[in-house]
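There's a structure below that I have some questions on.
The values are calculated or read from the model by the stated rules, or taken from the named source; none is laboratory data. Values in this document were obtained by computation on a predicted structure and should not be read as measured data. Cβ placement follows ideal geometry from the backbone for every residue including glycine, while neighbour counts extend to all protein chains displayed. Only protein heavy atoms, including side chains, enter the accessible area calculation; ligands, DNA and RNA are left aside. Shrake-Rupley method; radii C 1.70, N 1.55, O 1.52, S 1.80 Å.
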Amino acid sequence: MERRIGVVAILVYDFFSVESLNRILSDYASIILGRMGLPLREKNVNVISLIVEGNNDEIGAMTGKIGKLKGVSVKSMLTEFREKK
């Protein structure tokens, strides 16, 4: 399967979803190359950006689970880079 590099943006509005979010990110640690979090306290939102490398199924499964969390929004962008395994 082809592996792709991408960026995932996560906005967390509900603090009570953080534990579930971190569990999902731990489950998919093998495809996460980098993670940066920024709390925007004055806006009551936390922003997390991920650099990922995986196949479409792996990245889609992770973002799908994240998107089901209450008070969490997720968007992903995959680059044209493709590495055949």
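Using the heavy atoms of the protein chains alone and a 1.4 angstrom probe, what is the accessible area of the stretch 20-85 per residue in square angstrom?
Values: 4390 Å² over 66 residues.
Spelled out: the 1.4 Å probe surface of the stretch 20-85, per residue, equals 66 Å².
If you don't mind, another one. Not counting ligands, DNA or RNA, and with a 1.4 Å probe, what is residue 57's accessible surface area in Å² rounded to the nearest 10?
Rounded to the nearest 10, the figure is 100 Å².
I would also like to ask the following. Measuring from label point to label point, each 7 Å out along Cα→Cβ, what is the residue 57 to residue 26 span in nm?
Output for this residue pair reads 2.5 nm.
Taking a ≥ b ≥ c as the square roots of the eigenvalues of the Cα gyration tensor of the stretch 37-83, is the shape rounded (a/c under 1.5), prolate (a/b larger than b/c) or oblate? The partial results should precede the final answer.
Details: a/c = 3.61, a/b = 1.79, b/c = 2.02.
Oblate shape, in that a/c is at least 1.5 and b/c is the bigger or equal ratio.
State, as an integer percentage, the relative contact order of the chain based on alpha-carbon contacts under 8 Å between residues 6 or more apart.
Working: 154 pairs, mean separation 43.3, N = 85.
For the chain, the relative contact order is 51 percent.
Just how much of residue 12 is accessible, in Å², when a 1.4 Å probe is used and the result is rounded to the nearest 10?
10 Å²
Within the chain, how many lysine pairs that are 8 or more places apart, or on different chains, have C-alpha atoms less than 23 Å apart?
Numbers: 43/68; 43/70; 43/75; 65/75.
Number of lysine pairs found: 4.
How large is the helix-only mean residue ellipticity at 222 nm for the chain, computed as the sum of -39500 (n - 2.57) over DSSP H runs with n ≥ 4, divided by its residue count, in deg cm²/dmol to the nearest 500? It would help to have the intermediate numbers written out before the result.
Working: 2 runs with 22 residues, N = 85.
Calculated at 222 nm, the ellipticity per residue is -8000 deg cm²/dmol.
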